[in-house]
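Each remark here refers to the structure printed beneath this line.
Values quoted throughout were computed directly from the atomic coordinates according to the rules given, and no laboratory measurement underlies them. This one's a predicted model, so the numbers in the text were calculated from it and none came from an experiment. All Cβ positions, glycine included, derive from the backbone under ideal geometry; neighbour counts span all protein chains shown.
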Amino acid sequence: MARKKTPMPVAPPIVQTSNFRFETVAEFEEAITNEYSTCLYSRGRNPTVDLLREQLAELDGAEDCLVVNSGCTAIFLSVFSQVKAGDHIVAVRGVYTWTHHLLTNIMPAYGITTTWVDGTQVQEFEQALRANTRLIYLESPTSWVFEEQDIAAIAALARSKDIITVIDNTYFTPVYQNTIKLGIDISIQSASKYIGGHSDTVAGVICASRLIIEKIYRSEFLSTGAGIMPFNAWLLLRGLRTLRVRLERIRQSTPLVVDFVNAHPAIEKVFLPAGGFGLFTMIFKTGAREDIVRFCESLQHIPMAVSWGGYESLVMPKCVSIPPHLFNPLDEIHRSVRLYVGLEDAAAIIDDIGRALEKMYRYR
Ligand SMILES: *Cc1c(COP(=O)(O)O)cnc(C)c1O
């Protein structure tokens, strides 16, 4: 076979290797000494992962970034790396389930306490601060009723007191909400949602200054082995290529679906943040859990599942996390169903929801 220079691939290669080889002892020694600056072993750096890190850092307007094996890992490392025993955290009450678990059940065992605030007023943060407050944790909007925080004002308050800020920016992504520009120190995302975009991988992103990222990398990141492996990184690189067009499509179809359910007599109200898209929550006008069950089970095309951000629209009723005998129709949250508007035709999504609502009425 004649040897010719191989043309460069259009799609990035998956460098599926655990380790990298060195030709000289000097190069090997340098890599061992400074694992932040070169590929040595894929628990640290890997070319496929590095390409993804560059693209995600650029998207966020951040100096550097780490990609880890879940959004929860990103949250854990961002918080854990910034606090020590005796420190205090102020966090938003409506945070993601496992963030709540981390701050409520895990951190106190290490002497780190949290004060919860609703987060809608900057003064709440100011009042919750203590001499030992080290970190403010935000999630804007939160992912069930979509409460928002004044990110820039809270970031400025934290800066003035040398407190580090962390935000979960999964809902809007840096495409529609650039939290680093707003003054946040550490911006995280669950890449399992829009970045991956196809419901086929779980990953998390940590974006921050080079100083913060290098510190996390050299310590908690290498020590926990939390990094993403090359194939999963490649799936995210593929997802990133269509991120903007997917989000744009969802931004166009969400208002059509929201207008339809808002006008429907079975729906009391809808929670959607200002400029929101994709994920929204409907409150059903009913006293019976059975109605919600009937609605969800009558959908022909929209699956019931956790998560969001992929191709398929998804539905998740709150009642799945409430024991049936505790279902309280006086609490509107118990009557809530969260919907993710995916990439299908808006008309098809509306049709499926409309028919399921009709079925729900028919059996009443
Ligand atoms: C899904 C999600 C997470 C957790 O991410 P995983 O990738 O599932 O670990 C955290 N925060 C928000 C807002 C999420 O939607």
What lysines sit close enough to Lys269 to cross-link, taking a C-alpha to C-alpha distance under 26 Å and skipping anything fewer than 8 places away on the same chain?
Lys193, Lys285, Lys318, Lys359
One quarter of the C-alpha convex hull surface, i.e. the mean projected area of the chain in nm², amounts to 22.6 nm²
Per DSSP, loop chymotrypsin sites (Phe, Trp or Tyr not before Pro) in region 258-317 with at most 15 further Cβ within 10 Å
Tyr311
For region 178-268, size of Cβ-based charge dipole, Lys and Arg +1, Asp and Glu -1, in debye
400 debye
With a 10 Å radius around each residue's Cβ, average the other Cβ atoms per peptide and rank 62-70, 166-174, highest first.
166-174, 62-70
Provide the packing ranking of 241-252, 349-360, i.e. peptides ordered by the mean count of other C-beta atoms within 10 Å per residue, highest first.
349-360, 241-252
Does anything in region 232-273 have its amide N under 15 Å from the 7 Å Cα→Cβ label point of Val10, and if so which residues?
238, 241-242
Apply the a/c threshold of 1.5 to the C-alpha gyration tensor of region 131-243 and tell me whether it is rounded, prolate or oblate.
oblate
Simple spin-label model, 7 Å along Cα-to-Cβ: Arg238 to Asp331 in nm?
4.1 nm
If I take the Cα coordinates of region 42-155 and project them onto the principal axes, what are the three extents in Å, biggest first?
45, 30, 26
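Order the peptides 287-294, 190-197 from the highest to the lowest mean number of other Cβ atoms within 10 Å of their residues.
Result, highest mean Cβ count within 10 Å first: 190-197, 287-294.
Between Thr224 and Phe22, what FRET efficiency comes out of the Förster formula 1/(1 + (r/R0)^6) with R0 = 25 Å and r the beta carbon distance, rounded to 0.05?
Once the sixth-power term is evaluated, E becomes 0.45.
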In deg cm²/dmol, rounded to 500, what helix-only [θ] at 222 nm does the chain give when every DSSP H run of at least 4 residues adds -39500 (n - 2.57) and the total is split over its residues?
-10500 deg cm²/dmol
Förster radius 30 Å - calculated FRET efficiency between Gln121 and Lys285 (Cβ-Cβ, nearest 0.05):
0.50
Inter-probe distance in nm under a simple model that places probes 7 Å from Cα toward Cβ, at Gln252 and Met304:
3.3 nm
Would you mind checking which residues have amide H under 5 Å from Glu139's amide H? H placed 1.01 Å from N; only 5 or more apart, or other chain.
Val92, Asp168
